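What follows is one structure encoded as structure tokens, with my remarks underneath.
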Amino acid sequence: MSKEYQRHLIACDGDDCCKDGGGSELLKSAKKMLGKASKDVKCSKVSCLGQCKEGPVLLVYPDGVWYRCEDEKALKRIVEKHLIGGKVVKKQVLFRMPAPAPKS
């Protein structure tokens, strides 16, 4: 049986801005900040999200929110307000995916 998560945090760790900007380190820090809440959040890293000038970049799914996460303060806001609290951190948003259309 597979584990069910409430959210999926994806961190870009490409060779350009994201890796240089600490995408992998931000993901490690996010896991620590999540603490016990980490059981509800799947954390993954990918090699490139195509937003190199904005890096490091984090995505939160199923909410479809792409964040620019330039430092630990930004990460803390994203973890506490969005991943734990369920509210989008507008100040950090790069863009949002449209909500899926209702199934008929």
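Label sites at Arg96 and Lys53, each approximated as a point 7 angstrom past Cα along Cα to Cβ, lie 2.4 nm apart. Taking the Cβ of Tyr5 as the centre, find all other residues whose Cβ is under 9 Å away and add up their charges (Lys, Arg: +1; Asp, Glu: -1). Local charge sum for Tyr5: +2. Restricted to Cα atoms, the chain shows a radius of gyration and a Dmax of 13.3, 45 angstrom.
Any read-out appearing in this document is the output of simple, stated calculations on the displayed coordinates, not a laboratory observation. What you are looking at is a predicted structure, and each value in this text was computed from that prediction instead of being measured. Cβ sites come from the backbone with ideal geometry, for glycine too, and all protein chains shown count toward neighbours.
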